[in-house]
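In what follows, a structure is listed as structure tokens, so that the remarks can point back to it.
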Amino acid sequence: MTLRKLCLFLIAGFLSCVQLCYAQTTTVVGFIKEKGSNEPIPFVHVFFKGTQVGSTSDTSGYFTISIENDKIKEDSIVVSSLGYNTVRLSFKRNEKQKIDVEIIPQYYQLNELVVKPGENPAWRVMRMIIANKEKNAPKTKSNYYCEEYSKIRFDLNHFTDKLKKNILVKPFDFIWKNVDTTSDGIVYLPVLLIEKVVDHYYQRSPYEQKDYVKAINSSGLEGPKIMKFVEDLYQAPDFYNNYVAILDKNFAGPLNDNYKVNYKFYLTDSIYNEQNKKIYKITFIPKQKRELAFTGEMLIDSADAALKEITVRFDIMANVNFVRSFWIHQEYNKINDKDWMLTNSDVIGDFTVIENSSDLTGFFGRKNAAFTNYSVDTTLDKGVFKGTAIVVESDSAKLRTDEYWKNSRKLTFTEEDEGVIKMDDTLKRDPRFIIREKIIKASTSGYYPLNGIDIGDIYTFYSYNNIEKSRFKLGFRTNDKLKIPFGLSAYAAYGTFDEKWKYKINPELHFGEKKHLKSKLGFSYKDDIEQLSRSINNIELDHILASFIQVGTSDASKNYVRDLNAYIENNWTTGLTTRLNYFYNILKPVKGLMFESYNHLGEVEQTPEYLSAGFDITVKYSWQNKNMDGRFYTKRDMKNSFRKYPDIALQWKISDKSFGGKLNFQKAKISFKQEIRTQKLGYFKYYVEAGKTFNTVPYPYLDLPFANQLIVLDESAFNLMNFLEYAADEYVSIHLEQHIEGLLLDRIPIINRLKWRNFIFAKGYLGNMSKQNNQEIYLFPKGLNKLNEPYYEVGFGIENIFKISRVDFVWRLSDIKPGAYYFMVKPSFKFSF
């Protein structure tokens, strides 16, 4: 054989192999749109029937899926999305082919609706419903009682063999025994089950509401993020309200008094039920495609103009994170042949962590609830409303027997539900699962659990700063596994440059019968470095990230501190707490700096340390907040979680030589904060703080506004102010933000697919300083000044970038000088719907 023939033979053989390999794979590409509107539909599930091989459509509606021929079970693909009719289409094997798909919404088909001249007949029915809200809405009753049994279950869905091979779950083959498939062919695995039995009491005037949780049963894989979804599923939305809050978002309700503003309504049918009563069927769709509004239908009792059934959904087009689709169905029935009350509520949410990912599993969140044993407009025992807590959990709620649950379940308990309980029992005894659970907790919280203690914070084991250079740290804290009313946290750290050991110890004794009303008795002692004018919400001074994201130097704001506190904290009732604290505080300047003051001869002298000692008392009120902390400043102080009333905090502090100190002064301060829903405009939040210092004090004890010289945002600080730039002995600090959500950006083509949201903000600090505190005795370090004019920052921002990040564009409007930035872009990160 000649060399030429040999080469031709090899090339032919290679091409044959390529053709053979290609022929062993089938590929389907296509485009998915909504029938009628022709809008592209993103994040629709597309998979080969009978397999777990599939993907989702991208933000433009396009998809691509491929499969090896030997894995094909049936020659069809399934196109599925919650709220749309499932489509099955055939394909040809061994080919790359294009298949375009039209999917039809389940609740309406516009091309079948005939619009005639004259008034929309649906409007006449809607006027009847609105006019009779006062008679039919459950919350308009004088009072009522009912019992709710609810079952919430989370199922992994659309997972592939790749997930089964993941190192975190690969050893646990038994969990896949409970896998099932929906009627649409979607594979799912139940992983979390929560049952509750709750007694609901309501009184209209004076307004009272009370929920007694009699029983809770939880099994499966709980996690902090999943539990956030669970919390939002607990609520049963009231569709008689003008706006309905779901997943922290304000949706315009279809029964809004101004119903024509947000929806198009269609009277699609008039039917007679088995009692020969006329029922209207009304379909509704949002006027704007990406509005926070629902698509759905409702059945209306014509005699009472009352809501009988309602089914609504929203999908990926709405500006809500991590939700592919969300579906709610409610049924209302007449109680005592008089009052229309909610009797059944079903919710299904199709959630995902990363949209448009073919490899990442999502999950279904399902809630089924039955409301029974109604008593309406009767005499309620006034004792049921005793106490300020709206939700009261029985001490025995988590101790109910299997027999109790068998008798209390008002809904069918399926084999899948039972499978979650069995899987949970097996996993919690498996040491391989336990170690993986601990690693995940360490990565999210910074603390690695070891039986009764947690080791951490792992993100502060090493850090770097100008004072210590390399800093090494190790700490621990006790956890709930100890089952004792005592807690302890401590750490030790060492700086290689200043060659000093730092440490902190904080023991606490907890006492009280109820968990959320427990009191604390404890003390803490710390010998470490602290930074003046740094907020508690900023990244910790010794966090590894703080080593890299500092803007400018600020050594004068740092001091060695020896701080002793002995305190008692008492939760008097839900949302009201007090804290009485004795403090003994010594401040020393860091190496190379000294405290300076004038003596009685007018000469400058250096002081090695300042010592203050005395008491402070703090009173805090936060409506229905069961996680109160008695300190004036706590983490995430800007958040109020849409509570009915503002959060209020007051503090009075006194330092006196009779208590062991060397400084005599008093300080008072008060703060208010709240988040307020502003309907279609999103939400508004504010934080206002005011304070005053009495007597003459060194600068560390003046009022120093929170500043931020890191490249990341600190929401509770002034982000273009330098550390230790201003001081005052009386002040008012104001932070205002209006979050417009997607109201503007959702109307911009292409941009609206990103689900970005925008907001505007303004911050101001108004301060004054008395003559005696303006360096008459105690001198300021370089860079610290009296505030001569109000300080302002304004700006706007875009949030929900990649679902977890926010970018603020910040301008400084006052006292612009060398060393100060007048404009900066700062990012931050948070999880939200």
3J(HN,Hα) from dihedral phi, the range 666-680, Karplus parametrisation 6.51/-1.76/1.60, rounded to Hz, x for glycine, proline: 9, 9, 9, 8, 9, 9, 10, 8, 6, 10, 10, 5, 10, 6, 5
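Per residue and in Å³, how big is the convex hull formed by the alpha-carbon atoms of the range 556-618? Write down the numbers at each step before the final one.
Values: hull volume 7.3 nm³, N = 63.
Cα convex hull per residue, to the nearest whole number: 116 Å³.
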So what is the 222 nm mean residue ellipticity for the chain from helices alone, if each DSSP H run of at least 4 adds -39500 (n - 2.57) and you divide by all residues, rounding to the nearest 500 deg cm²/dmol? -3000 deg cm²/dmol
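Can you pull a Stokes-Einstein diffusion coefficient for the range 652-728 at 20 °C (1.002 mPa s), Rh from Kirkwood over Cα pairs, as a whole number of µm²/s? The partial results should precede the final answer.
Working: Rh = 15.3 Å.
Rounded, D is 140 µm²/s.
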Express the C-alpha Rg of the range 333-422 as a ratio against the empirical globular expectation 2.2 N^0.38 Å, rounded to two decimals. 1.56
Under a cut-off of 12 Å between alpha-carbon atoms, report the aspartates and glutamates in cross-link reach of K558, not counting same-chain residues fewer than 8 places apart. E468, D528, E530
Counting only heavy atoms of protein chains, what accessible area per residue, in Å², does the chain have with a probe of 1.4 Å? 49
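Taking the Cβ-Cβ separation of S396 and L650 as r and a Förster radius of 35 Å, what is the calculated FRET efficiency to the nearest 0.05? It would help to have the intermediate numbers written out before the result.
Details: r = 37 Å, r/R0 = 1.06.
With R0 = 35 Å, the Cβ-Cβ based efficiency is 0.40.
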The chain: angle of helix 224-233 to the longest principal axis, Cα-based, in degrees nearest 10: 60
Set K33/K162; K635/K692; K386/K626; K386/K620 screened for pairs whose C-alpha atoms are more than 18 Å apart: K33/K162; K635/K692; K386/K620
Spacing of the two label points (7 Å from each Cα toward its C-beta) at A690 and I216, in nm: 4.0
Which residues' amide hydrogens lie under 5 Å from the amide hydrogen of Y263, considering only partners 5 or more residues apart or on another chain, with H built in the peptide plane? K287
Rounded FRET efficiency, nearest 0.05, which uses the C-beta distance separating V169 from E403 and R0 of 30 Å: 0.35
Once amide hydrogens are built 1.01 Å from N within the peptide plane, the residues lying 5 or more places from A215 or on another chain with amide H under 5 Å from its amide H are V197
So if I restrict to the alpha-carbon atoms in the range 628-687, what is the Rg, and what is Dmax, the biggest pairwise distance, in Å? 16.8, 57
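Give, in whole angstrom and from largest to smallest, the semi-axes √(5λ) of the equivalent ellipsoid of the range 500-593, with λ running over the eigenvalues of the Cα gyration tensor. Walk me through the numbers before you get to the answer.
Details: eigenvalues 205, 55, 27 Å².
Taking √(5λ) for each Cα gyration eigenvalue gives 32, 17, 12 Å.
Once the Cα gyration tensor of the range 675-833 is found, what semi-axes does its equivalent ellipsoid get, as square roots of 5 times the eigenvalues, in whole Å, sorted largest first? It would help to have the intermediate numbers written out before the result.
Details: eigenvalues 256, 50, 27 Å².
Over the Cα atoms of the range 675-833, the semi-axes work out to 36, 16, 12 Å.
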Expressed in whole Å with the largest first, what are the equivalent ellipsoid semi-axes of the range 128-212 derived from the C-alpha gyration tensor as the square root of 5 times each eigenvalue? 45, 17, 10
Check S535: other-chain or 5+ apart residues with amide H under 5 Å from its amide H, H built from backbone geometry? A707
How far, in nm, would the chain grow between A820 and K771 when pulled straight, counting 0.36 nm per residue and subtracting the alpha carbon separation? 15.0 nm
If each K or R counts +1 and each D or E counts -1, the residues other than L267 whose Cβ falls under 9 Å of its Cβ total +1
What is the helix-to-structure angle for 431-445, meaning the angle in degrees between its Cα long axis and the longest Cα principal axis of the chain, kept from 0 to 90 and rounded to the nearest 10? 60
Can you list the aspartates and glutamates whose alpha carbon sits under 16 Å from that of K177, skipping same-chain ones fewer than 8 residues off? D155, D161, E415, E416, D417, E418, D424, D425
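Going down the table (K406/K520; K210/K367; K591/K662), which pairs top 30 Å between alpha carbons? Can you show the working numbers first?
Details: K406/K520 39 Å; K210/K367 21 Å; K591/K662 23 Å.
Checking Cα-Cα distances, K406/K520 exceed 30 Å.
Within the range 750-800, report the GluC sites (Glu not before Pro) that DSSP leaves as loop and that have at most 14 other Cβ atoms within 10 Å.
Numbers: sites: E776, E793, E799; in loops: E776.
Taking the range 750-800 and a limit of 14 other Cβ atoms within 10 Å, the loop GluC sites (Glu not before Pro) found are E776.
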Distance between the C-alpha centers of the range 712-742 and the range 146-220? Whole Å please. 41
For the range 747-833, what number of Lys pairs, 8 or more residues apart or on separate chains, have alpha-carbon atoms under 30 Å from each other? 21
Which whole-Hz ³J(HN,Hα) couplings does the range 489-500 yield from phi under the Karplus relation 6.51 cos²θ - 1.76 cosθ + 1.60, θ = phi - 60°, glycine and proline marked x? 9, 7, 8, 9, 9, 9, x, 6, 8, 7, 6, 10
Report, in degrees rounded to the nearest 10, the 0 to 90 angle that the Cα long axis of helix 415-427 makes with the longest principal axis of the chain. 40
Taking the Cα atoms of the range 401-557 alone, what are Rg (to one decimal) and Dmax (as a whole number) in Å? 21.9, 68
Expressed as a rounded percentage, what relative contact order does the chain have, with Cα pairs under 8 Å and six or more residues apart? 7
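The values are calculated or read from the model by the stated rules, or taken from the named source; none is laboratory data. Keep in mind the model is a prediction, meaning the values are calculated, not measured. As a convention, Cβ positions derive from the backbone with ideal geometry for all residues, glycine included, and neighbour counts pool all protein chains shown. We work out accessible area using only protein heavy atoms, side chains counted, and drop any ligands, DNA or RNA first. Shrake-Rupley method; radii C 1.70, N 1.55, O 1.52, S 1.80 Å.
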